[in-house]
Amino acid sequence: MSGGLRHAANPEAVQILTELLKRNIAILLVAQMVAITATISLVTLGGIVGRLLAPSPALSTLPLSLFVVGTAMATVPAAWLMSSVGRARGFGCGAALGMLGALVSMWAMATESFPLFCLGGLLVGFSAAFSQQYRFAAAESVAEPFAPQAVSVILLGSIVGAILGPEFAVRGESWVDGAPFAGTFMAIAASYVLAGALLLLLRDAVAQTSAPSTRDVRPLRFMVARWVFVVPVLGAAVGQGVMVFVMTAAPLAMHVGDGHPLESAAAVVQAHVLAMYIPSLFTGALIGRFGAVRVMLAGTAIFGVMVVVGFLGREVLHYGVSMVALGVGWNFLFIGGTTLLANAHQPAERFRAQAVNDFSVFGLSAMGSLSAGVVIQFFGWHAVLWASIPPVLVTMVVLVWARQVFSPASTGPR
């Protein structure tokens, strides 16, 4: 009994719980749920609705591609805006853009307008550029040793989004008479209103410290040329780029190339999305135990498993295991990179550093999304797998070398 009580009252466990129950973390968790719900709804419906509205089947995935392009385009403006007006107002503006994009998409459903649907996807992409910074805000809201756990908690909100997104997509089809799926986007717009109201209550944790002088801000070229900056950005960018590239191609390979039922392709995508976020339950602890670089290195090895299983066969099981491995590998690279980035710049440089990081990450994502359809159409599924190998190998080599720069069991440089 007494041993159990001592364990329950473990000071370290209590401190972790205290940090993760902070107001900012709760707000950002709800906002992450909304953002991922909107993203998964758009991913689920983008190709289906696009095919119904597009003047040519070749353009059916354009709304989804514009979502990714919009995210890449808005990363730098989003960081600049938040550096000017603070996290709360900046995130509020992002939620407003998401609401506007959802309303435009709802209007597109009512008027059967493909250009409006493309515009809606672009606007939701703009909003996603803001929501991608939730993880940075979470890391800033807790004491430095607890940043990995805070980032993991925020990404756990994505599990709820992965469940609600397909539900909104399927159930919202008949909510508005004469406008299929308009109800889905109406529900997403309402969710953004809730998230925006909560985000305006966010407290900028860094603003509570003394204001940094301009001497603390180094030239951008100096900041980005250091390995302590290059390593996390490379890991997160390659993880995201390869993930989007393969994820975009897999449903087409399954359903169109190999003739598997659409339901099977949808189930594989959902398993992949859950695999992206469920590991967040323990990724933060793994980083605390083994260090971010080792966890990221494990992520590249799991990407290797994805490629090998993909080559082994074309049955639903092969696709499923491959896509689950893709999701887990992404989680390790993304959370590990985010954790390392928090220690790669001065407090006064955070918005610029995060803008460069997200522009790199989602720039590669946009390239992956736009090229996946071409590669799968003209060269096939195996070409997608072959194309994934070089960036993963480069990242693996860099991470092996980076173990000399970063201490083995820490989240930052030696």
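Please state the equivalent ellipsoid semi-axes for region 101-152: what are the square roots of 5 times the Cα gyration tensor eigenvalues, largest first, in whole Å? Let's see the in-between values first.
Working: eigenvalues 267, 12, 8 Å².
Semi-axes (√(5λ), whole Å): 37, 8, 6.
Residues Arg87, Arg350, Arg289, arranged from fewest to most other Cβ atoms within 10 angstrom of their Cβ, appear as Arg289, Arg350, Arg87. Charges on Cβ only, +1 for Lys and Arg, -1 for Asp and Glu, centred on the Cα centroid of region 220-405; of Tyr277, Ala355, Val392, which one is farthest towards the dipole's positive end? About the Cα centre, the residue reaching furthest to the positive side is Ala355. Here region 15-204 is treated as an ellipsoid with the same Cα gyration tensor; its semi-axes, largest first and in whole Å, are 31, 16, 13. Set the Cα radius of gyration of region 225-384 against 2.2 N^0.38 Å, with N its number of residues, and you get 1.08. Give me the Kirkwood hydrodynamic radius of region 56-133 in Å, from all C-alpha pairs, to one decimal place? When all Cα pairs of region 56-133 are included, the Kirkwood radius is 12.6 Å.
Stick to Cα atoms and the Kirkwood definition of Rh, then tell me Rg/Rh for region 151-202. Could you put the intermediate results ahead of the total?
Values: Rg = 13.3 Å, Rh = 12.3 Å.
For region 151-202, the value is 1.09.
Note on region 42-183: with charges restricted to the Cβ of Lys and Arg (+1) and Asp and Glu (-1), its dipole about the Cα centre is near 180 debye.
Bear in mind that the values in this text are calculations on the coordinates, not laboratory data. All of these numbers come straight from a predicted model, not from anything done at the bench. Cβ coordinates were reconstructed from backbone atoms using ideal geometry, including for glycine residues, and neighbour counts include every protein chain displayed.
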